[in-house]
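Everything below concerns the one structure shown next.
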Amino acid sequence: MKKRYLTSIILLYFFISPSVKAQTAKLTLDLSKAGVNVSPKLYGLMTEEINYSYDGGLYAELIRNRVFKDNPKEPEHWKIIEKTGGKGSIKLDNTQPLNNELPVSLKLNVESSNGTVGIANEGYWGIPVKPQTTYKASFYAKVSDEASGSLTVSIESNDGSVSYASSQVNISKGGWKKYDVTLNTASKIQPTASARFIISTQKTGTYWFNLVSLFPPTYHNTPNGNRTDLMQLMADMKPSFLRFPGGNYLEGDLFATRFPWKNTLGGLEKRAGHPSPWGYRSSDGMGLLEFLDWCEDLKMEPLLAVYAGYTLRGDHLEAGPFLKPFVDEALEEIEYVTGDVNTKWGARRAADGHPKPFKLTYIEVGNEDGFDRSGSYNGRFTQFYDAIKAKYPTLQIISTIGGKDDLGQRFKIETRRPELFDEHYYRTAWEMEEDAAHYDNYDRSSPKIFVGEWATREGFPTTNMNAALGDAAWMTGMERNSDHVVMSCYAPLFVNVNPGGMQWKSDLIGYNALNSFGSPSYYAQKMFSSYLGDKVVSVSGENIPTQTRNPTKKDSTAGRMPKPIPSLFYVATKDSKTGSLFVKVVNASGKAQTLTLDIKSAGKIAADGKLIVLKSDKPEDTNTIDEPKKIVPVTQKIKGLSKTFTRVFDPYSISILQLQTK
Ligand code: AHR
């Protein structure tokens with residue numbers, strides 16, 4: 001019996017064990033093979049006014065409907081306040097324009113001076129109140145003769161029982177005047193967004209208001225600036241460029257509602273605002289110069305998209321004389337960004353407060369012009385291309401069609417060869433993982449690729465861990481091929497998570513008035529861009545585990561079972577200056593995966609290294625405004641590394657191993 005037992009063990013060792021060993025997944029990294037360069041611009045940001053990204057988001061203005069244009073019928077987001085017997089009324093008034101751009105004012109009629117009467121603004125889902133904070137309020141006012149004296153400007157709780165900050169301002173009779181007020185909160189208050197902004201009086205009379213504004217401290221204390229928490233979240237991603245002003249927001253529903261860059265310059269009293277295609281008005285407080293300042297603050301290069309004569313509702317202009325004004329407008333816009341102070345638009349930029357020209361390398365002509373079924377893009381692109389190249393020969397020009405993205409290759413650019421194609425991918429996690437090798441055999445003779453919008457759309461308002469796994473799988477492919485895929489940016493970047501804040505599901509960063517958080521997709525991107533070498537390392541995989549999806553209706557009608565696809569994705573890059581090696585491994589399956597790493601021609605590998613892991617128990621796990629840090633990367637030191645070692649990669653995990661070569 002004993003002998004038979006021993007024989008079986010021996011048999012098992014010789015026959016079964018090798019086949020078990022053979023099934024262990026293995027990555028072989030070969031540092032002797034010259035890898036392609038990693039594009040220094042691989043990871044950037046894409047932005048537009050959608051999901052209350054600027055108004056009610058990054059742009060730190062707290063007053064909603066500050067110029068009373070949101071609704072022509074009533075002063076939306078404003079209310080009359082009547083306290084202790086005061087009586088009054090409010091309405092929109094077109095008879096007292098501040099100027100041509102801001103023709104509508106809010107008229108407050110105070111009928112009884114027995115108590116306090118005022119106007120209250122509810123903000124973007126509340127006015128955020130934080131302890132020991134200085135807020136800067138300003139407004140234009142015009143008053144009737146009897147109404148002079150002082151106004152009280154305050155931030156108070158929604159029920160009026162608590163005043164968080166208050167200040168008096170003397171007002172004078174006559175025409176429109178601007179008033180500036182500072183409001184300071186005390187140190188012992190609990191942060192809250194259940195608060196409103198009030199301008200009130202105890203004197204009867206008529207008062208008109210326009211451009212009512214309230215700013216908390218902004219990033220770098222820039223006037224008319226951005227929310228500090230959101231800027232910090234972006235800074236942590238180390239983005240190399242910003243694609244702006246959109247997307248659909250660039251195009252607009254109509255010619256008249258395209259991004260009106262000229263009307264977004266200068267003082268706020270000159271900004272009329274415009275309807276965004278996402279169903280609400282844009283204040284244009286985030287104007288062309290603010291986009292550029294944002295780039296400067298985060299050390300990103302601007303990637304400017306210029307309007308190219310096609311609207312979302314399908315109107316277009318054929319190439320020729322009617323398109324010329326739009327081409328000229330684009331040239332002027334480029335001059336505003338890059339021209340020195342002796343040029344017309346460079347001088348305008350200097351007058352707006354930024355004499356130094358901005359560095360600009362990339363211009364995108366339009367957005368998703370594959371949707372223009374008329375086929376006019378080829379001609380439009382050619383006209384823009386020729387005019388831009390004639391004046392700015394070194395600018396690299398991006399075409400919005402021509403690549404092979406999810407919009408399909410609808411048109412070929414026949415007459416001019418762009419430097420880059422902008423490809424867009426919005427997909428499920430499965431689709432991202434299935435196509436993670438998309439660029440491995442991509443035709444290198446094509447123009448370079450800019451993946452100008454992409455996202456795994458699972459989970460909302462922000463994405464979940466399954467989306468992050470799809471994203472990470474997709475990023476391994478872009479990174480491995482970043483000799484050709486030279487730039488990429490996820491979209492959309494932001495969402496205000498309040499009810500009514502979201503127009504597009506599955507976004508990267510969420511917030512309300514008080515707080516913000518990154519989705520698992522955010523952390524995946526932050527990891528990928530933070531741990532990046534300058535050379536791609538050759539990696540070959542053996543016994544890579546697979547996953548099989550449940551058959552869909554489509555699969556079964558075709559009489560096919562879906563094909564298994566990999567469940568483990570990987571890429572490696574090396575920093576040629578420091579010798580650091582970054583190995584990224586994505587385990588999209590619910591099983592832990594054992595992986596042997598064999599590093600050839602590395603010289604020596606230091607025994608100590610670093611491991612950064614983002615993971616969750618369930619793929620649908622996510623971060624929320626109430627649980628913002630449920631899924632965040634965890635960094636640990638690891639020991640015992642060498643040229644060959646084995647590690648177990650957790651289920652549903654994205655891991656980066658940082659190793660030191662010598
Ligand atoms: O990112 C949301 C929208 O998706 C963009 O505005 C548009 O370019 C794309 O269709």
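Table for the structure above
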| quantity | calculated |
| --- | --- |
| Some residue of region 186-199 being touching a helix residue (DSSP H, G or I) at 6+ places or on another chain (Cβ under 7 Å) and either over 24 Å from residue 299 (Cβ atoms) or part of a strand (DSSP E or B) (or both) | no |
| Some residue of region 331-339 being among the acidic types (Asp, Glu) and either within 16 Å of the ligand (Cβ to nearest atom) or closer than 29 Å to residue 438 by Cβ (or both) | no |
| Residue match in region 331-338 (condition: among the acidic types (Asp, Glu), under 24 Å from residue 46 (Cα atoms), in a helix (DSSP H, G or I) and over 24 Å from the mean Cα position of the chain (by Cα)) | yes |
| Single match in 573, 624 (criterion: surrounded by fewer than 20 Cβ atoms within 10 Å (Cβ to Cβ) and not charged (D, E, K, R)) | 624 |
| Among (1) more than 30 Å from residue 90 (Cα to Cα); (2) surrounded by fewer than 23 Cβ atoms within 10 Å (Cβ to Cβ); (3) aromatic (Phe, Trp, Tyr); (4) within 16 Å of the ligand (Cβ to nearest atom) - the single one residue 255 does not satisfy | (4) |
| In region 104-158, the residues that are in a loop (DSSP other than H, G, I, E, B) and closer than 27 Å to residue 228 by Cβ | 122, 124, 125, 127, 128, 130, 131, 132, 133, 158 |
| Test: residue in region 28-42 that is among the polar types (S, T, N, Q), closer than 30 Å to residue 294 by Cα and at pLDDT 95 or above | yes |
| Every residue from region 521-539 that is of a type in the set (Phe, Trp, Tyr) and under 15 Å from residue 467 (Cβ atoms) | 522, 523, 528 |
| Residues of region 41-82 satisfying the condition of being in a strand (DSSP E or B), under 20 Å from residue 502 (Cβ atoms) and within 16 Å of the ligand (Cβ to nearest atom) | 45, 46 |
| Test: residue in region 304-312 that is farther than 25 Å from residue 421 by Cα and crowded, with 18+ Cβ neighbours inside 10 Å | no |
| Pairs, first under 12 Å from residue 273 (Cβ atoms) in region 50-76, second of a type in the set (Lys, Arg), C-beta under 7 Å, six or more apart | 69/281; 70/281 |
| Region 476-498 - residue that is more than 14 Å from the ligand (Cβ to nearest atom) and within 11 Å of residue 51 (Cα to Cα) and, of those, farthest from the chain's Cα centre (by Cα) | 498 |
| Within region 499-517, considering residues that are within 15 Å of the ligand (Cβ to nearest atom) and part of a strand (DSSP E or B), the one farthest from residue 625 (Cα to Cα) | 507 |
| Residue check for residue 166: more than 27 Å from the chain's Cα centre (by Cα), farther than 25 Å from residue 69 by Cα, not hydrophobic (A, V, I, L, M, F, W, C) and not in a loop (DSSP other than H, G, I, E, B) | yes |
| Residue match in region 371-384 (condition: in contact with a Lys or Arg (Cβ under 6 Å, 6 or more places away or on another chain) and crowded, with 22+ Cβ neighbours inside 10 Å) | no |
| Every pair of residues 6+ apart whose Cβ atoms lie under 9 Å, when the first sits in region 34-48 and is within 17 Å of residue 539 (Cβ to Cβ) while the second is within 16 Å of the ligand (Cβ to nearest atom) | none |
| Total residues in region 435-458, condition out of contact with any Leu (no Cβ under 8 Å at 6 or more places or on another chain) and away from the ligand (no atom under 16 Å from the Cβ) | 12 |
| Region 244-266 residues that are at pLDDT 95 or above, paired with ones that are of a type in the set (Ser, Thr, Tyr) and away from the ligand (no atom under 16 Å from the Cβ) (beta carbon under 9 Å, 6 or more apart) | 245/264; 261/336; 262/336; 265/336 |
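Let's see how each residue does on (1) under 30 Å from residue 28 (Cα atoms); (2) among the small types (Gly, Ala, Ser); (3) surrounded by 22 or more Cβ atoms within 10 Å (Cβ to Cβ):
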| site | (1), (2), (3) |
| --- | --- |
| 518 | no, yes, yes |
| 527 | yes, no, yes |
| 540 | yes, yes, no |
| 544 | yes, no, no |
| 589 | yes, yes, no |
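Listed here are the residues, each with its yes/no results for (1) over 25 Å from residue 515 (Cα atoms); (2) touching a residue at least 60 places away in the same chain (Cβ under 8 Å); (3) in contact with a Pro (Cβ under 9 Å, 6 or more places away or on another chain).
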| residue | (1), (2), (3) |
| --- | --- |
| 623 | no, yes, yes |
| 640 | yes, no, no |
| 645 | yes, no, no |
| 650 | yes, yes, no |
| 657 | yes, yes, no |
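For (1) crowded, with 19+ Cβ neighbours inside 10 Å; (2) under 30 Å from residue 193 (Cβ atoms); (3) at pLDDT below 95, each residue gets a yes or a no:
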{"position": "440", "(1), (2), (3)": "no, no, no"}
{"position": "458", "(1), (2), (3)": "yes, yes, no"}
{"position": "462", "(1), (2), (3)": "yes, yes, no"}
{"position": "482", "(1), (2), (3)": "yes, no, no"}
{"position": "506", "(1), (2), (3)": "yes, yes, no"}
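The values are calculated or read from the model by the stated rules, or taken from the named source; none is laboratory data. Just so it is clear, the structure is predicted and the values come from calculations on it, not from any experiment. Because the Cβ atoms are built from the backbone with ideal geometry, glycine has one as well, and the counts that use them run over all protein chains shown.
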